[in-house]
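> Have a look at this one before I ask anything.
Each reported figure results from applying straightforward, stated rules to the coordinates on display, with no laboratory input. What you see is a predicted model; the values in this text were computed from it and never measured. Backbone-built Cβ (ideal geometry, glycine too); neighbour counts: all protein chains shown.
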Amino acid sequence: MSHFWSESVHKLNPYVPGEQPKQQNLTKLNTNENPYGPSPKVLDILHHEAGNDLRLYPDPNCDELKSCIAEYYNINNDQVFVGNGSDEVLAHTFQGLLKHNKPLLFPDITYSFYPVYCGLYDIHHQTIPLNAEFELNIADYNQPNGGIIFPNPNAPTGVGLSLQKVEALLKQNTDSVVVIDEAYIDFGGESAVALINRYPNLLVIQTLSKSRSLAGLRVGFAMGHPDLISGLERVKNSFNSYPLGRLAIKGGVAAIQDDEYFDTTRNKIINTRTLLSQNLATLGFEILPSQANFIFVKHPGYDALTLSQELRKESIIVRHFNHSRINQYLRISIGSEPECAQLRDVLQSIVG
Ligand SMILES: *Cc1c(COP(=O)(O)O)cnc(C)c1O
């Protein structure tokens, strides 16, 4: 606390990211990073770009990256917005599209940054409980609102919502913006990008942090009707003209263009997810069906926080959330096969 702070800063309740330990050789299964590293083509271009041109500002409009995304999804450039990680895209979306007189709706169990942005931008919100299976019931969202946002697949549960249900929600909710945060969509979900031409109130947000293994480069983007995009551009150009550096723009383009590497690595992660789920089920864990690069698990005989502490003693970090409805669960990121085998062995020695 400091009396130098603006009054609003006293009231903030900042997001707490998963631990990024300084200590090396930990098995890090706590922040949903990709175990395989970026495409070699991305690394090549970054070496090439790390030169004298860094004295120059980047393109404030990131046209090259927008064109690349537009081409990939077969949409127009004016349907694409890019930002410094999807967290920044989300922040501009909350401020620019989701602050209205009626409450913003999102699930009770969801990405814990959403209530933080509501606090930052003073947005009135209401949480809607997921059902007992942690599924989102679209009928619960059929009420007056100033916007709707949720991740698909959801975080931290990994549970997905079918494209058919996303479309039913859009049919039922035409007067406010519906934001689908598709941070994990490439690991088995169905993207709603295909719907943006038919629903002018739909905004789809994606990131290169997870399936493209570029969490450290900070590239996120949104796709939707040009009116939504130009609203986001107004906010962005009132905040930071150059959110993406020259390296982020070039690296992002190279990542999106390397389909082969993308397919190989995401398929490996999906296969490892299946294997790890089977192995943990054998040990008595209950595992929610996951379409993401993590699984959400609990063991009826062991306290989740205690389990996470036991794993930590064996140099494995997983994520535990201190929220009453999910405090018996652990969120485990899908690592490489050897990392997941190590996790299985350690869990076996604890619960086996
Ligand atoms: C990881 C994550 C993000 C943020 O991704 P960045 O692009 O790295 O900022 C956004 N939404 C959800 C649900 C996430 O899990």
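> Report the per residue volume, in Å³, of the convex hull enclosing the C-alpha atoms of the chain.
153 Å³
> DSSP loop trypsin sites (Lys or Arg not before Pro) in segment 18-120 with at most 10 other Cβ atoms within 10 Å of their Cβ, which ones? List each step's numbers first, then the result.
Numbers: sites: K22, K28, K41, R55, K66, K99; in loops: K22, K99.
Passing sites in segment 18-120 are K22.
> Using unit Cβ charges (K, R positive; D, E negative) and no other charged atoms, how large, in debye to the nearest 20, is the dipole of the chain about its Cα centre?
Working: 28 positive and 37 negative charges, 117 e Å.
About 560 debye.
> Filter the cross-link list K66/K250; K22/K298; K28/K313; K210/K298 down to pairs whose alpha-carbon distance in this structure exceeds 18 Å.
Over 18 Å apart, Cα to Cα: K22/K298; K210/K298.
> Then there is this: Roughly how big is segment 81-201's charge dipole about its Cα centre, with Cβ charges of +1 (Lys, Arg) and -1 (Asp, Glu), in debye to the nearest 20?
Details: 5 positive and 13 negative charges, 75 e Å.
I would put it at about 360 debye.
> Looking at the square roots a ≥ b ≥ c of the eigenvalues of the Cα gyration tensor of segment 225-303, which shape do they give, rounded for a/c under 1.5, prolate if a/b is larger than b/c, or oblate?
Taking the square roots of the gyration eigenvalues as a ≥ b ≥ c, segment 225-303 is prolate.
> Return the FRET efficiency for the residue pair T274, F239: r is the Cβ-Cβ distance, R0 is 56 Å, and the value is rounded to the nearest 0.05.
That pair, T274 with F239, gives E of 0.85.
> Which one of L163, L202, A215 is farthest out on the positive end of the charge dipole of segment 101-229, using unit charges on Cβ (Lys, Arg +1; Asp, Glu -1) and the Cα centre as origin?
A215
> Per-residue HN-Hα couplings for segment 337-349, Karplus 6.51 cos²θ - 1.76 cosθ + 1.60 at θ = phi - 60°, whole Hz, x for Gly and Pro?
Each residue's phi maps through the Karplus curve to give 4, x, 5, 6, 5, 4, 4, 4, 4, 5, 5, 4, 5 Hz.
> Sticking with this structure for a sec: By how many nm would the segment from N101 to N327 grow when fully extended, if each residue of separation counts as 0.36 nm and the alpha-carbon distance is taken off?
78.1 nm
> Taking a ≥ b ≥ c as the square roots of the eigenvalues of the Cα gyration tensor of segment 116-203, is the shape rounded (a/c under 1.5), prolate (a/b larger than b/c) or oblate?
Rounded, because the longest to shortest axis ratio a/c is under 1.5.
> Could I ask something else about it? Mind listing the long-range amide H neighbours of H125? Cut-off is under 5 Å, sequence gap 5 or more, other chains count too, H placed in the peptide plane at 1.01 Å from N.
L104
> Most fluctuating residue of I148, I45, I180 in a GNM of the chain with Cα springs under 10 Å: which is it?
The residue with the greatest mean-square fluctuation here is I45.
> Please identify the trypsin sites (Lys or Arg not before Pro) of segment 102-198 that satisfy two criteria: DSSP loop assignment and at most 14 other Cβ atoms within 10 Å. Which are they?
For trypsin sites (Lys or Arg not before Pro) across segment 102-198 that sit outside H, G, I, E and B with at most 14 neighbouring Cβ atoms in 10 Å, the list reads R198.
> So, one more: What percent do you get for the relative contact order of the chain when only Cα pairs under 8 Å and 6+ apart count?
23 percent
> Answer with one residue from N322, Q291, S308: the one whose Cα lies farthest towards the positive end of the charge dipole of segment 288-352, charges on Cβ with Lys, Arg +1 and Asp, Glu -1.
The Cα lying farthest towards the positive end belongs to N322.
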